[in-house]
Amino acid sequence: VRFRRALSLAIHRYEINQVVYFRLVQESNNTVLAESPLYRPEYQNDWVQFDIELANRLLDELGLSERDDRGVRLLADGRPLEIVVQTAGESTEQTDVLELVHDSWLQAGIKLYSIPSTREVFRNRIFSGDAIMSIWSGLENGIPTAENSPMALAPTSKYQYQWPQWGAYYESSGTSGEEPELPAARELLALSNQWSQAVTHEERVQIWHKMLDINRDRMFTIGIVNHVPHPVVVNNSLHNVPETGFYDIAPGAYFGIYKPDTF
């Protein structure tokens, strides 16, 4: 967990916001948005500040204090600390962000390489367990209530790229993938199952907060920004389209949540 925290602290999110998003987004962990009744500031802000000094200290504590002549840290076996990040190759937005992450990670002695590919190849590398790290969008539903399922916070699907083998194990009832080995991941699965059996709103709220807090603390995913605005072009003769709204596949099927038959 110290390594994941160091990676997060070595990302200059403010610079990414300025350069890629024209200061229109919020620097954040991968968590619920402020509009959600489940939001707490620490979910968004912990381990998000750009702090190279602390990142370097955490990495030194892990025994990664030796560096090569490029300034890249060396692993225990002498190999340089190089992280290959898989991308689907579909978005210049993601590659632009990774270029900036590459620059700030170098200050912590970590070398980043990004490998673009087709989505099929991208997913196959992740599903097989060959990917060290990948970049993708975060929580599908950023404005959940306690009545929405928290399964996205637990290893329940191979399409959760931070733990595809654990997700495949859950989906297949143990016939494929690997059983989660980290206690925190097993706890998240147990909490997700408890939510499905909870009978009161208060129980579901409590479970959600426990799961959000575990993800905040253990940093299974490293969020960069959220609240990215999505412009939508509408013909002047089309009426009753909301001026602002929530635009995502879940919940609401993009425009579906606003009853497009009334446009």
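Summary of computed values
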| quantity | calculated |
| --- | --- |
| Among (1) open to solvent by less than 20 Å² (accessible area, probe 1.4 Å); (2) assigned to a loop (DSSP other than H, G, I, E, B); (3) under 30 Å from His209 (Cα atoms) - the single one Gly109 does not satisfy | (3) |
| Restricting segment 134-189 to residues that are of a type in the set (Val, Ile, Thr), open to solvent by 50 Å² or more (accessible area, probe 1.4 Å) and under 20 Å from the mean Cα position of the chain (by Cα), the residue that is nearest to Val228 (Cα to Cα) | Ile143 |
| Failed condition for Ile257, given (1) at pLDDT 95 or above; (2) touching a Phe, Trp or Tyr at 6+ places or on another chain (Cβ under 9 Å); (3) part of a helix (DSSP H, G or I); (4) open to solvent by 50 Å² or more (accessible area, probe 1.4 Å) | (1) |
| Answer from Gly78, Gly89 - the residue that is open to solvent by 40 Å² or more (accessible area, probe 1.4 Å), more than 18 Å from Gln165 (Cα to Cα), part of a loop (DSSP other than H, G, I, E, B) and touching a Phe, Trp or Tyr at 6+ places or on another chain (Cβ under 9 Å) | Gly89 |
| Condition met for Tyr247 (at pLDDT below 90 and of a type in the set (Ser, Thr, Tyr)) | yes |
| Failed criterion for Gly129 (all others in (1) farther than 28 Å from Ile16 by Cα; (2) assigned to a strand (DSSP E or B) hold) | (2) |
| Residues located in segment 189-199, provided they are part of a helix (DSSP H, G or I), of a type in the set (A, V, I, L, M) and without any contact (Cβ under 8 Å) to a residue 12 or more places away in the chain | Ala190 |
| First in segment 200-222 and among the aromatic types (Phe, Trp, Tyr), second anywhere and open to solvent by 40 Å² or more (accessible area, probe 1.4 Å) and assigned to a helix (DSSP H, G or I), Cβ under 7 Å, 6 or more apart | none |
| Set Asn226, Asn215: member being in contact with a Gly (Cβ under 7 Å, 6 or more places away or on another chain) and either open to solvent by less than 40 Å² (accessible area, probe 1.4 Å) or modelled with pLDDT of 95 or more (or both) | Asn226 |
| Number of the condition not met by Pro231 [criteria: (1) within 21 Å of Gln26 (Cα to Cα); (2) touching a residue at least 24 places away in the same chain (Cβ under 8 Å)] | (2) |
| Yes/no for Val205 being touching a strand residue (DSSP E or B) at 6+ places or on another chain (Cβ under 8 Å) and at pLDDT 95 or above | no |
| Cβ-Cβ under 7 Å pairs, at least 6 apart or on other chains, segment 117-133 side more than 12 Å from Pro164 (Cβ to Cβ) and exposed (fewer than 15 other Cβ atoms within 10 Å of the Cβ), far side among the aliphatic types (A, V, I, L, M) and at pLDDT 95 or above | Ile132/Ile83; Ile132/Val84 |
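Condition check ((1) touching a Phe, Trp or Tyr at 6+ places or on another chain (Cβ under 9 Å); (2) more than 26 Å from Gln44 (Cα to Cα)) across all residues:
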{"site": "His102", "(1), (2)": "yes, no"}
{"site": "Gln107", "(1), (2)": "no, no"}
{"site": "Glu120", "(1), (2)": "no, yes"}
{"site": "Asn124", "(1), (2)": "no, yes"}
{"site": "Ser128", "(1), (2)": "no, yes"}
{"site": "Ser137", "(1), (2)": "no, no"}
{"site": "Glu140", "(1), (2)": "no, no"}
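The values are calculated or read from the model by the stated rules, or taken from the named source; none is laboratory data. Please read these numbers as outputs of a predicted model, since none were measured by experiment. For neighbour counting, all protein chains shown are included, and Cβ atoms are generated from backbone atoms with ideal geometry for every residue, glycine included. In case anyone asks, the SASA skips ligands and DNA or RNA and just uses the protein heavy atoms, side chains included. Shrake-Rupley method; radii C 1.70, N 1.55, O 1.52, S 1.80 Å.
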